[in-house]
Amino acid sequence: MADTAKSATLTIGEQSYDLPIYSPTVGPDVVDIRKLYGQAGVFTYDPGFTSTASCDSTITFIDGDEGVLLHRGYPIDQLASKSHYLEVCYLLMYGELPTAAELEDFENTITRHTMIHEQMHNFFRGFRRDAHPMATMVGVVGAMSAFYHDSTDISDPRQREIASHRLIAKMPTIAAMAYKYSIGQPFVYPRNDLDYAANFLHMCFSVPAEKYEVNPILARAMDRIFTLHADHEQNASTSTVRLASSSGANPFACIAAGIACLWGPAHGGANQACLEMLKEIGSVDRIPEFIARAKDKNDPFRLMGFGHRVYKNRDPRATVMKQSADEVLDLLGVENNPILQVAKELEKQALEDPYFIDKKLFPNVDFYSGIILEAMGFPTSMFTPIFALSRTVGWVSQWKEQLADPQHKIGRPRQLYLGSAQRDYTDIENR
Ligand code: CMC
């Protein structure tokens, strides 16, 4: 944040205040209002943070109007087609693409941290079988702070590193165990000879009674889903992680907070909500009825998997995800699946409808990821846990960046108070 050559002037009554302006590498300038309250005695008002930069960051950049997503400067489509998830994890965490030796070392570290403390199995067994896997994940990830005391000292960079590796490595194991528990099957231990995505499929779909071969096309599609969800700058769950961390909370507690936030249907829960909506629509002839409902101001229904807070052009992740969806559907021969037919036709009709065109509502990444996961055989309740495990590296990278920033301080938004002014307590007999 060096560029203070430009400034803005805010005039309140007779008084003017100069506010420094900073220019980012790319993207809109930001006006620095940190001293505004001290100087002018006013707050700014921005519910939903639509115009507020909460931090500076070097990790991810989004240009929503142009449909651009860059991780450390690299476009997401190049990463999705040329790289793979663990390399992208390294890039997000350390800022540069790894050399072959660095990547091997990183993959080795992650692979050798995939098992969880055996006693944690008891945690899973404490949940009802029908618990949503996200509920289980919030609990179990939060509980990691009770098992890995040697990586909760946030003032120690080495402990921060170990906690980051543990989270990235163990999250697929935790998500797969949450799934296995929900269907009453035995937990499957990770296999170190498989790559990250293949190992996750193995832990979800193999059973001790028979051999399970991971299909490489499905493993590749899984890896792409992980890659495309790896980070997305200061979205709701990442901001939650940063806010939780700003108080000095331990990493496992912060990531558990991120998982809780991601669960909501306006964020990570959209992929599940989208598939449930497709099932509710049920057949192609009912699509116009649901499109009409989405357009009706008096009906709270929205087309799930459409629209985005930042992307007002195509979601670049959705473009890659659509290709993957086509590959997986081709492989599995599910083109006659009614849900997937509804998805294809809904996409077509919405993209031709003036309401969606005018409001720039395009299918987002979750529209296609849900279709792929459904075709792979995951129940809808597993969609958001898969998003959570993919996003863990983003949360962890942003958390590490925040703690390494000497300027970081506790997050404490202000408010526009509209309640009663001070008044005197009334005794109960006088009310
Ligand atoms: N269906 C119908 N109308 C919509 C939709 C939709 N999916 N999304 C937005 N609109 C309308 C909305 O009613 C509003 O209309 P008007 O201007 O007439 O009041 C206008 O478009 C702008 O919507 P908004 O709610 O002000 O926009 P936002 O930026 O606050 O919301 C969103 C973004 C993602 C929450 C919203 O588009 C939505 O609810 N989409 C469905 C849920 C979804 O798919 N979420 C996944 C996002 S991608 C994964 C992630 O990164 O978390």
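Coordinate-derived values only; no laboratory data. All values derive from a computational prediction rather than experimental measurement. No Cβ is skipped: glycine too gets one built from the backbone with ideal geometry, and neighbour counts run over all protein chains shown.
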- Of all trypsin sites (Lys or Arg not before Pro) in region 1-96, which ones are in loop regions per DSSP and have a Cβ with at most 13 other Cβ atoms within 10 Å? 34, 35
- Give the long-range amide H neighbours of residue 44: residues separated by 5 or more places, or on another chain, with amide H under 5 Å away, using H modelled in the peptide plane at 1.01 Å from N. none
- Message: If I take every Cα pair under 8 Å that is 6 or more residues apart in region 270-376, average their sequence separation and divide by the length, what percent do I get for the relative contact order?
- Response: 44
- Task: Mind putting a number on the dipole of region 337-431 about its Cα centre? Charges go on the C-beta only, +1 for Lys and Arg and -1 for Asp and Glu, and I need it in Debye to the nearest 20.
- Result: 380
- Task: Please check the chain for the longest run free of GluC sites (Glu not before Pro) that are loop-located per DSSP (anything but H, G, I, E, B) and have at most 14 other Cβ atoms within 10 Å.
- Result: 214-334
- Long-range amide H partners of residue 8, meaning residues 5 or more apart or on another chain whose placed amide H is closer than 5 Å, are 19, 21
- Query: For residue 178, what charge total do you get from the other residues with a beta carbon under 13 Å from its beta carbon, if Lys and Arg give +1 and Asp and Glu give -1?
  - Reply: +4
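List, in the order given, every pair from 170/360; 180/279; 170/348; 180/211 whose Cα-Cα distance in the structure shown is over 27 Å.
Violating the 27 Å Cα-Cα cut-off are 170/360; 170/348.
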- 12 Å beta-carbon shell around residue 42, net charge (K/R +1, D/E -1): +2
- Coil-residue trypsin sites (Lys or Arg not before Pro) of region 97-139, DSSP, other Cβ within 10 Å capped at 11: 128, 129
- Query: For region 6-53, what is the Kirkwood hydrodynamic radius in Å, using each pair of distinct C-alpha atoms?
  - Reply: 11.9
- Note on the structure: Mean Cβ-within-10 Å packing, highest first, puts peptides 235-245, 307-317, 177-187 in the order 235-245, 307-317, 177-187
- Note on the structure: Note on the chain: contact order normalised by length, alpha-carbon pairs under 8 Å, 6 or more apart, percent, works out to 19
- Query: How long are the three semi-axes of the equivalent ellipsoid of the chain, in whole Å, if each is the root of 5 times an eigenvalue of the C-alpha gyration tensor, listed from largest down?
  - Reply: 36, 29, 24
- Note, residue 215: beta-carbon cut-off 15 Å, +1 each Lys/Arg, -1 each Asp/Glu, net -2
- Query: What is the diffusion coefficient of region 270-376 in µm²/s, taking the Kirkwood radius over Cα pairs and the Stokes-Einstein relation at 20 °C with a viscosity of 1.002 mPa s?
  - Reply: 155
